Amino acid sequence: MKFSSYANTALAAAKTGVNVLLSHYNGKLNIEYKGEVDPVTQADKNAQKAIIKIIKDIFPEHGILAEEDGIKETDKDYCWIIDPLDGTVNFVHGLPMFCVSIGLKYKDEIITGVIYAPVMKEIFIAEKNKGSWLNGKRINVSKNQNAIRSLAATGFPYYFRKDSKRVMKNFDNIVHEVQGVRRLGSAALDLAYVACGRFEFFWEEGLKPWDIAAGILIAKEAGGIISDYNGDKSPLFKTTLLVANSLAMHNKIFGIIRDY
């Protein structure tokens, strides 16, 4: 598959960010906290700087929306939405489920997405209307329509300790309808795994744009059905997300979430 200069730039930036992360992985980390349990390390910050430099060297006029250091250049038609380390808690504990996630938004749509999970050696790439790819092979969502035979993914927001009622009610209702539920600790990977058929659906609240920008395009281009908890099909700047492998599966889970 021949990708655009945007996708190739995202891939180059992701590889650069990954190199920074791996130089810190399983090493001594200086850990700070943005909240009670929300960590940030020098790996996050250094990777973000390296990623932004690659992008700005090629597209200096583009905007940046990035997780660390409050970078929000969102007034441009082209805006790169960057999570330099999705799965920071995993990273801090030496777990391999973490990644770099980079999405490019043009006006109101994500047009390019890259998720690079280095320990698993998996690179997910999507471009608008060109499909989704994993390590150079085209991927599609699962064809399973049977909820009780489906594997789902979710995550718990950082405000969970203070406001857990809806989160736990949805979890309790959904877990009884499916074969199993997993919590990887990385929304980007959850979305990528829906895209390649490992999960039938993913739902979560308390999300930020950098958590999902690349993943929603990758899932959509692989055939996924996407909305927020209210049914909005453009959920990038919303805080809730439901992505399923089919309209039937989406409708079933949406009904559980909506009815609460």
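The values are calculated or read from the model by the stated rules, or taken from the named source; none is laboratory data. These figures come from a predicted structure and were not determined experimentally. Cβ sites come from the backbone with ideal geometry, for glycine too, and all protein chains shown count toward neighbours.
See the values below:
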item	result
Qualifying residue in segment 210-227 (condition: surrounded by fewer than 17 Cβ atoms within 10 Å (Cβ to Cβ) and out of contact with any helix residue (DSSP H, G or I) (no Cβ under 7 Å at 6 or more places or on another chain))	no
Answer from ILE51, ILE58 - the residue that is closer than 20 Å to LYS105 by Cα and buried (at least 19 other Cβ atoms within 10 Å of the Cβ)	ILE51
Residues of segment 47-71 classified as modelled with pLDDT of 95 or more and either within 15 Å of PRO118 (Cβ to Cβ) or among the acidic types (Asp, Glu) (or both), total	5
Residue satisfying all of: in segment 34-73; assigned to a loop (DSSP other than H, G, I, E, B) and among the charged types (D, E, K, R); nearest to PHE91 (Cα to Cα) among these	ASP38
Single residue of segment 159-196 satisfying the filter (surrounded by fewer than 17 Cβ atoms within 10 Å (Cβ to Cβ) and either touching a residue at least 60 places away in the same chain (Cβ under 8 Å) or of a type in the set (S, T, N, Q) (or both)) that is nearest to ARG149 (Cα to Cα)	GLN179
Identity of the residue in segment 100-130, in contact with a helix residue (DSSP H, G or I) (Cβ under 7 Å, 6 or more places away or on another chain) and polar (S, T, N, Q), that ends up nearest to GLY63 (Cα to Cα)	THR112
Counted residues, segment 134-154 - those being of a type outside the set (D, E, K, R) and more than 19 Å from the chain's Cα centre (by Cα)	7
Residue identified as more than 12 Å from the chain's Cα centre (by Cα), within 27 Å of GLU67 (Cβ to Cβ) and of a type outside the set (Asp, Glu) among ALA214, ALA126	ALA126
Test for ARG166: is it outside any loop (DSSP other than H, G, I, E, B) and under 30 Å from THR112 (Cβ atoms)	no
Total residues in segment 74-119, condition among the β-branched types (Val, Ile, Thr) and assigned to a loop (DSSP other than H, G, I, E, B)	2
Filter result for GLY197 (assigned by TED's automatic domain parsing to the domain that holds ILE81 and either in contact with a helix residue (DSSP H, G or I) (Cβ under 7 Å, 6 or more places away or on another chain) or over 21 Å from VAL89 (Cα atoms) (or both))	no
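Yes or no, residue by residue, for (1) more than 27 Å from SER132 (Cα to Cα); (2) among the charged types (D, E, K, R); (3) assigned by TED's automatic domain parsing to the domain that holds GLU122:
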residue	(1), (2), (3)
THR9	no, no, yes
LEU22	no, no, yes
LYS34	yes, yes, yes
LYS53	no, yes, yes
GLY70	yes, no, yes
CYS79	no, no, yes
LEU85	no, no, yes
GLY94	yes, no, yes
